[in-house]
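To keep things clear, I will list the structure first and then write my remarks on it.
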Amino acid sequence: MEDDPFEAVVGAYHAEIRRYLLRITARMSDADDLSQETFLRAFRAHRSLPPGANVRAWLFTIATNLCRNYFRAQKRRRRAYAAAALDRSETDAAWPEAEAVAREARARVEGVVAGLPIKQRLAFIMRKLHDLDYPTIGGSLNCSEESARAHVFQALRKIRRGLDGLIPAKTESQL
Amino acid sequence: MSSHPVCREIEPDLLVVASGEAAPAAAERVEGHVAGCGACREELRHYRAIEGLVGALRRAPLPGDDAALARAELESRLADLRRRLVSFGIFSSPLGPILIARSELGVSLVRYLAGRGSVAAEVRRLLGEEAIEDRAATGALYAELVEYLEGRRTRLDWPLDLRGARSDFQRRVLDATAQLPYGAVASYAGIARRIGAPTAARPVAQALRWNPLPIVIPCHRVIGGSGALVGYAGKRVALKQRLLAIEGVRTLPERDDFRVPREAMYALHVGESEYCLPICGSLASRPLSELVLFGSRERAEAAGLAPCTTCRPDLHPLSA
């Protein structure tokens, strides 16, 4: 019966939430489905949101919960990894040859991230690729801010091990 | 990384510093340590390189990152959800607990709640699982309803959502009933005549029995051919009497029911534009289905009618 402020919410955040879900699931069709489900749920609940609430953080929380259900209930994790590997090889072809080493390093980072336990993966992607703060990440994952930080750092340690030998030794000139 | 205890202890700080999240104290601690520890210096350099790679990853194009199609589909599903979505509020009205529900299109349900059993279960039964309690969305409607019940308002000009009507017949009955003016009564057979189904008095009564919007669609203004109120909201005919009294329509108690005394009401012969005394011409012998009765001249004139130039109700008003 009157204008719905939810239009503005969709306009502002749909593309970003879908990108997040695409990074998590590595499948366009799943990112489409889960992003739709995120916003349909948000639509049903947005009226009870307190004024001044952080809508973006709230949407990430809904999307993250859906992701966890998605992996838990449907056990598609393995399939998603396979798809992630496929998508990477397609992307690789598009990158210029000159970037060979950096490209290999980036691919290695993606590979490690794709293989992380789900909470570490979600925390890492939220923090490092979508700039969310630790309280929001903790809220999304039902854990404390400190645990959220620990998940991200654990992910970084694994990436560090995965990159052994790829980061060139420091030369004296870089000192 | 060295396995030296000091290095193990400083390791989390290396990560914090490389991430650019370090407090000054931690940054100082790390700076002091790596100045003298080559292994940890190397470690910090690695973590900083990783930050650089992650930054590149964030900027790199993401295969399949085109949200346009998904967005279009979302918009269509949201539009569908908006059409189906109902918000409701439950209020303790002067007539007892009352539920008001509205959709995107308009008010879709007004319901006297029995007050027995679980209200939540009753709401689910009436509105389905998608309904959202939202007193803010229905509070203004309730405020107007209270004004109406206290006689301070004669119209509820609400947009209505009648998609829940049981049939096209019911929709026609509800439309015709909605046109009865404040302070007027007509018979079930009268409504049947208006919708072009003059023999359908009983189906009309049945259709009004399932009126989704009592008060708003004033089915309390529709009575039996004898003037008896007949029924309302199940067996709550006293509620019908009360709603009519608010509008200035007098009723007389009669056995388990009430009766509108047509001999004490102004009358409109349907199709005319003047209201009459009940004894004007052949009015007294006409069936109630051909008449609309008014409790007062004010109500008849508020409905746009002029006093009859023959019987002159303006000069010879009925005694109150």
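What follows is calculated from the coordinates using simple rules that are stated; it is not laboratory data. The structure presented is a predicted model; accordingly, all values stated were derived computationally and were not measured. All Cβ positions, glycine included, derive from the backbone under ideal geometry; neighbour counts span all protein chains shown.
Once the Cβ-Cβ distance between B:Thr154 and A:Leu40 is put in as r, and R0 is 35 Å, what FRET efficiency do you end up with, to the nearest 0.05?
0.25
In the stretch A:44-69, whose amide N lies under 14 Å from the spot 7 Å out along Cα-to-Cβ of B:Glu133? List them in ranges.
Under 14 Å, as judged by backbone N against the label point of B:Glu133, lie A:48 of the stretch A:44-69.
What is the distance in Å between the Cα centres of the stretch B:259-274 and the stretch B:296-320?
10
I'd like the distance separating the alpha-carbon centroids of the stretch A:118-139 and the stretch B:134-158, in whole Å.
Between the Cα centre of the stretch A:118-139 and that of the stretch B:134-158, the gap is 47 Å.
Note down the magnitude of the dipole of chain B about its Cα centre, charges +1 on Lys and Arg C-beta and -1 on Asp and Glu C-beta and zero elsewhere, to the nearest 20 debye.
1760
Which value in deg cm²/dmol, rounded to the nearest 500, describes the helix-derived mean residue ellipticity at 222 nm for chain B, given -39,500 (n - 2.57) per DSSP H run of n ≥ 4 and division by the residue count?
Rounded to the nearest 500, the figure is -13000 deg cm²/dmol.
Averaged across B:55-62, how many Cβ atoms of other chains sit within 10 Å of each residue's Cβ atom?
Mean inter-chain Cβ contacts per residue within 10 Å come to 5.
Of the beta bridges DSSP finds with both residues in the stretch B:81-149, what % are antiparallel, to the nearest 5?
DSSP beta bridges in the stretch B:81-149 are roughly 85 percent antiparallel.
Could you go through the stretch B:13-21 in sequence order and give the Karplus-derived ³J(HN,Hα) for each residue, using 6.51 cos²θ - 1.76 cosθ + 1.60 with θ = phi - 60°, rounded to whole Hz, and x for Gly and Pro?
Along the stretch B:13-21, the couplings run 5, 4, 5, 5, 5, 4, 6, x, 10 Hz.
Rounded if a/c is under 1.5, else prolate if a/b is larger than b/c, else oblate: which is the stretch B:81-149, with a ≥ b ≥ c the root eigenvalues of its Cα gyration tensor?
oblate
Going by alpha carbons, how many degrees (0 to 90, nearest 10) lie between the helix axis of B:38-59 and the longest principal axis of chain B?
40
State, to one decimal in nm, how far the label point of B:Leu252 lies from the label point of B:Arg8, with both points 7 Å from Cα in the Cβ direction.
10.2
If you keep only loop residues by DSSP, which GluC sites (Glu not before Pro) in the stretch B:236-294 have at most 11 other Cβ atoms within 10 Å of their Cβ?
none
Using the Kirkwood radius over Cα pairs, work out the Stokes-Einstein diffusion coefficient for the protein assembly as shown at 25 °C and 0.890 mPa s, in µm²/s as a whole number.
86
What FRET efficiency do you get for B:Ala140 and B:Ser285 if R0 is 51 Å and r is their Cβ-Cβ distance, rounded to the nearest 0.05?
For R0 = 51 Å, the calculated efficiency reads 0.60.
Mind checking A:103-110 for the average number of partner chain beta-carbons within 10 Å of each residue's beta-carbon?
So the per-residue partner count for this stretch is 3.
Does the stretch B:1-73 classify as rounded, prolate or oblate by the C-alpha gyration tensor (a ≥ b ≥ c root eigenvalues; a/c under 1.5 gives rounded; else a/b over b/c gives prolate, otherwise oblate)?
Since a/c reaches 1.5 and a/b is larger than b/c, the shape of the stretch B:1-73 is classed as prolate.
Enumerate the calculated ³J(HN,Hα) couplings along the stretch A:135-147 in order (Karplus 6.51 cos²θ - 1.76 cosθ + 1.60, θ = phi - 60°), each rounded to whole Hz, writing x wherever the residue is Gly or Pro.
Taking θ as phi minus 60°, the curve returns x, 5, 5, x, x, 5, 9, 6, 9, 6, 4, 5, 5 Hz for the stretch A:135-147.
Which FRET efficiency, nearest 0.05, do A:Cys143 and B:Glu42 yield, Cβ-Cβ r, R0 45 Å?
My answer for the efficiency is 0.90.
Go through the protein assembly as shown and flag any cysteine with no other cysteine's C-beta closer than 4.7 Å, please.
Among the cysteines of the protein assembly as shown, those whose Cβ sits 4.7 Å or more from every other are A:Cys67, A:Cys143, B:Cys7, B:Cys219.
Once Lys and Arg get +1 and Asp and Glu get -1 on their Cβ, which of B:Val107, B:Ala192, A:Ala57 lies farthest toward the positive end of the dipole of the protein assembly as shown?
B:Ala192
Under the definition of partner shielding as Cβ atoms of other protein chains within 10 Å of a residue Cβ, what is the mean value for peptide A:47-56?
Shielding by partners across A:47-56 averages 1.
Comparing B:Arg286, B:Arg209, B:Arg111, which has the greatest mean-square fluctuation in the GNM of chain B with Cα pairs linked when under 10 Å apart?
Per the Cα network of chain B with a 10 Å cutoff, B:Arg286 tops the list.
In whole Hz, with x marking every Gly and Pro, tabulate ³J(HN,Hα) for the stretch A:109-119 from phi via Karplus 6.51 cos²θ - 1.76 cosθ + 1.60, θ = phi - 60°.
Coupling constants for the stretch A:109-119: 4, 4, x, 5, 4, 5, x, 6, x, 4, 5 Hz.
So how far, in whole Å, is the C-alpha centre of the stretch B:83-126 from the one of the stretch B:194-221?
Measuring centre to centre over Cα atoms gives 21 Å.
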